[in-house]
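Colleague: Okay, here's the structure, questions in a sec.
The values are calculated or read from the model by the stated rules, or taken from the named source; none is laboratory data. Source: prediction; values computed, not measured. Here Cβ is always computed from backbone atoms with ideal geometry, including for glycine, and neighbour counts include all displayed protein chains. All accessible areas refer to the heavy atoms of the entire protein, side chains included, with ligands and DNA or RNA removed. Shrake-Rupley method; radii C 1.70, N 1.55, O 1.52, S 1.80 Å.
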Amino acid sequence: MNLIAAVIDAVFPRRCPVCHDIVPMGDGLICYSCKDGFKKVSDPYCLKCGKPIRDSSMAYCSQCTNNIRYYDEGRAAFIYDDIMRKSIYSFKYGGREEYAKYYASQIYAEFGPKIKEWNAEGLIPIPIHKSRYKKRGYNQAYLISKELSKLTGIPTYDNILKRVKNTVVQKNLNAIERSNNLKNAFKITKNAVKLQSAILVDDIYTTGSTINVAAAVLKDAGTSKIYYLTLSIGQG
């Protein structure tokens with residue numbers, strides 16, 4: 001560790017994304033005792049969206065079976081449970097931007113070969129509306145995407161997709177309300193880079209409405225292959 005990094009760590013000590021206490025010296029990005037704090041997604045899971053399913057004889061979850069998916073495939077590293085919910089809340093609203101490095105490291109550890117298989121030309125973080133950005137000061141999806149770029153060598157493009165509608169929080173809406181909430185929420189920016197294949201990056205996948213609408217906009221703009229990676233996903 002160089003002197004500047006040591007001073008930064010002393011003045012602004014890293015917090016653990018699980019327990020939120022200061023990470024002990026030498027433990028890295030997370031407390032050693034918390035390293036298994038997040039629940040990983042395990043088999044069986046949907047081969048389309050990556051969401052856990054209860055019936056191992058099924059290849060796809062009911063949501064992917066009954067709805068059009070504009071993305072080709074997606075994966076999430078962890079289950080969105082109470083521990084993850086609190087972690088993401090601190091990440092998004094508590095200024096814990098440093099969690100992005102740990103989050104990205106875990107996504108890459110789980111899906112490095114899959115990311116290589118997808119052969120994407122760019123990572124596209126799901127954008128937030130300018131009013132939300134002004135209030136928060138950063139886009140959490142962009143932070144994760146930038147860290148993933150360092151690990152994968154795939155560039156992050158945060159100037160392709162723009163959020164033009166200040167949507168309400170999705171988690172309290174039903175399926176129809178989610179769809180209406182996201183209608184015309186995204187657009188391709190003027191003179192955007194044209195990618196043939198891309199990976200959308202976000203922190204949470206619940207019903208998949210946000211990812212799906214973003215993928216649809218990219219497909220309409222000519223991106224032929226679209227995948228997604230998220231930190232966490234709801235249970236089927």
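Colleague: I'd like to know which of Asn191, Gly50, Tyr142 lies farthest towards the positive end of the charge dipole of the chain, counting +1 on Cβ of Lys and Arg and -1 on Cβ of Asp and Glu.
Modeller: Asn191
Colleague: Order Asp203, Asp72 by their accessible area, 1.4 angstrom probe, all chains in place, largest first. Mind dumping the intermediate values first?
Modeller: Numbers: Asp203 5, Asp72 45 Å².
From most accessible down to least: Asp72, Asp203.
Colleague: Same structure, new question: Given only helices, namely DSSP H runs of n ≥ 4 each adding -39500 (n - 2.57), what is the per-residue ellipticity at 222 nm of the chain, to the nearest 500 deg cm²/dmol?
Modeller: Working: 8 runs with 86 residues, N = 236.
Theoretical 222 nm ellipticity from helices: -11000 deg cm²/dmol.
Colleague: Against the 2.2 N^0.38 Å scaling, with N counting residues, where does the stretch 95-144 land? I'd like the Cα-based Rg ratio to two decimal places. Write out the running numbers ahead of the final one.
Modeller: Working: Rg = 13.1 Å, N = 50, 2.2 N^0.38 = 9.7 Å.
Against the compact-globule rule of thumb, the ratio is 1.35.
Colleague: Which sequence of Tyr138, Tyr70, Tyr89 reflects their accessible areas, 1.4 Å probe, from the largest down? List each step's numbers first, then the result.
Modeller: Details: Tyr138 15, Tyr70 95, Tyr89 140 Å².
Putting Tyr138, Tyr70, Tyr89 in descending order of accessible area: Tyr89, Tyr70, Tyr138.
Colleague: How large, in Å, is the stretch 28-84 by the Kirkwood hydrodynamic radius built from its alpha-carbon pairs? If you can, show how the numbers build up before the last one.
Modeller: Working: mean 1/r = 0.0774 Å⁻¹.
Taking every pair of different Cα atoms in the stretch 28-84, averaging 1/r and inverting gives 12.9 Å.
Colleague: Let me ask something else. Would you please give the FRET efficiency between Asp36 and Lys114, computed as 1/(1 + (r/R0)^6) with r the Cβ-Cβ distance and R0 = 22 Å, to the nearest 0.05? Don't skip to the end; give the middle numbers.
Modeller: Working: r = 22 Å, r/R0 = 1.00.
E(calc), rounded to 0.05, equals 0.50.
Colleague: Quantify how much of the Cα-Cα distance distribution of the chain extends past 23 Å, in percent.
Modeller: Numbers: 13585 of 27730 pairs.
In whole percent, the long-distance tail amounts to 49.
Colleague: Okay, next question. Magnitude of the Cβ-charge dipole of the chain, K/R +1 and D/E -1, about the Cα centre, nearest 20 debye?
Modeller: Working: 35 positive and 21 negative charges, 193 e Å.
For this selection, approximately 920 debye.
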